[in-house]
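Since the structure comes first, as structure tokens, the remarks are kept for the end.
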Amino acid sequence: MKIKLLISAIAISIVTTVNGVAFAQTPNTRTTPSTTAQDPDKINNIKKLLEITGARNLSRQVINQMFVALKGEYPQVPQKFWDTFLAELKPEEMINDFIPIYNKYFTNDEIKQIIAFYQTPLGQKTLTVLPQLSRESAAIGIRYGKEAAARAIKKLEAEGYSPRRQ
């Protein structure tokens, strides 16, 4: 069972990493992001970007997808655990942890350019389509992870390795 949990976590990590990149596409510039000073204007722009992109809602959707997948994999786990687990997942806290990452990799000018993009018709379409892309990508990631794990286990078993069953 631990292998299934690990596979699900890896698949979700892959999908969220790929989708995070989709949110932050910018043209190459020669400016260097600031990682030390906390520029209030830049921080406000990062917060605006996260709001425009719907990062909070997307985080909730990813959490819900993960929750449904894990709950389906472990039907023997009591509902009280799932309720408590879900209550412990707080997208708002996760969003606050995104701010230093954006601050680290993007200049204030780049953040403004990303905001400008998402305010265009193509940017708005991108934001509309991203949740569906995330769902479809998650399904592919989970399937890919399970298939790769099955192939790996088959190879290891052919070599005499026997995974522990729980």
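Given a Förster distance of 22 Å, report the FRET efficiency between residue 144 and residue 64 from their Cβ-Cβ distance, rounded to the nearest 0.05. Intermediate results must be reported in sequence, preceding the final value.
Working: r = 21 Å, r/R0 = 0.94.
Efficiency at R0 = 22 Å is approximately 0.60.
Can you compute the radius of gyration and Dmax for region 70-166, using only the Cα atoms, both in Å?
That works out to 20.7, 57 Å for Rg and Dmax.
Suppose each label sits 7 Å from its Cα in the direction of the beta carbon; what would the residue 127-residue 77 distance come out to in nanometres?
It works out to 3.3 nm between the two label points.
Suppose each label sits 7 Å from its Cα in the direction of the beta carbon; what would the residue 135-residue 48 distance come out to in nanometres?
Inter-label distance under the simple model: 3.2 nm.
What ranking do 102, 74 get, fewest neighbouring Cβ atoms within 10 angstrom at the top?
Ascending Cβ contact count within 10 Å gives the list 74, 102.
Please give the FRET efficiency for residue 162 paired with residue 96, using the beta carbon to beta carbon distance and R0 = 45 Å, rounded to the nearest 0.05.
Working: r = 45 Å, r/R0 = 1.00.
Between residue 162 and residue 96 the formula returns 0.50.
Rg to Rh ratio, region 100-154, alpha-carbon atoms and Kirkwood radius?
On the way: Rg = 17.4 Å, Rh = 14.0 Å.
Across region 100-154, the Cα-based Rg/Rh ratio is 1.24.
Read-outs throughout are calculated quantities, based only on the coordinates presented, and are distinct from any laboratory measurement. Nothing here was measured: the structure is a model prediction, and the numbers come from that model. Glycine gets a Cβ as well: all are built from the backbone with ideal geometry, and neighbour counts include every protein chain shown.
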